[in-house]
Amino acid sequence: MHSAWRLTRGPLSMPGAMLSSLTSAGGLVTAVYQTENGDLPLIGQAIQNGGSSWAHLLFLTPAQAINALSLGGLHEHFAHVVTPRGALRFLADIDEHSPTFEVLRQVGYAVYSRQRIWQLPKGTEVAQCPQSSGWRIAFEGDLIAIRSLYHNIVPPLVQQVEPPPAAPLRGLVYQTGEGLLAYVELRYGQRGIWIQPLFHPDLQNLKAVWSELIHQVPYRFARPVYVCVRSYQAWLETVLESLGAEASPQQAVMVKHLSVSRRAVQPATVPLLESGQAEISVPFVNVENSRNA
């Protein structure tokens, strides 16, 4: 249920799952829920990176044990572990045709976006790009422009769940004389590289820009590169297909909120109205004299 983790790091090994069940200090939480009627126990795992405001489901197994009762009990334990560390919501991405999708909805998950994962061809399979490229490593001075791009492209519903990019930046930016027109976040793992793109709709020559990007991804070596295209950037898929990229089935990106944000109301005191007497510093207006004038 965490495509970026699975494609870049692969499934977690059993020793790692056993260690995470003993301590959650590394961000991994593994738990088992057993119902009282003796049904199959449900095993689940979640991860919270660096005390972030969300945790992400990694897997649930076995499939026969996934039901609303077991998942609700498992979630109660997960929330008990991650909320003291600042998590306000759980995320999961899953095929909408999976039976687990309906179970997630039953325990409070809702779809806030959709995505498709594209695997890019190897750099040698794409025509060589020119020596000069608009792509470069993002640095701290790009943060304001990247956040402006984020707020202009990402729908408000998604912004409520996923915060804008923050320092330190880990990715590439595409800049021309017109300004910063694209940003791609890069996530690295031993199994692959994950690209999360933000492209301005006004960006021209998309095929050439993507060809340059394929060659500019640093430290690629022989690892496969995956591009996560959200539904609000679906117009990028035609270009990726023309470059020979292969697409996965569409996934639903879901969220379960652990708390409800509310605006704090602080009463403001007005001494003149509450005491019934005016302060010495408050001037009086002689209404009668003003009328005579």
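What is the ratio of the Cα radius of gyration of region 106-263 to 2.2 N^0.38 Å, where N is its residue count, to two decimals?
Values: Rg = 16.3 Å, N = 158, 2.2 N^0.38 = 15.1 Å.
Region 106-263 yields a ratio of 1.08.
For S231 and A63 in one chain, what is 0.36 nm times their gap in residues minus the Cα-Cα distance, to one decimal in nm? Write down the numbers at each step before the final one.
Numbers: separation 168, 0.36 × 168 = 60.48 nm, distance 2.78 nm.
57.7 nm is the gain from fully extending S231 to A63.
If you plug the beta carbon distance of E36 and Q190 into 1/(1 + (r/R0)^6) with R0 = 45 Å, you get a FRET efficiency near 0.65. Each of N49 and N205 was given a label point 7 Å from its Cα along the Cα-to-Cβ line. The distance between the two points is 3.2 nm.
Laboratory data are not the source of any read-out in this text; all were calculated from the coordinates shown. Note that the structure is predicted; figures quoted are calculated from it, not measured. Neighbour counts run over all protein chains shown; Cβ positions are idealised from the backbone, glycine included.
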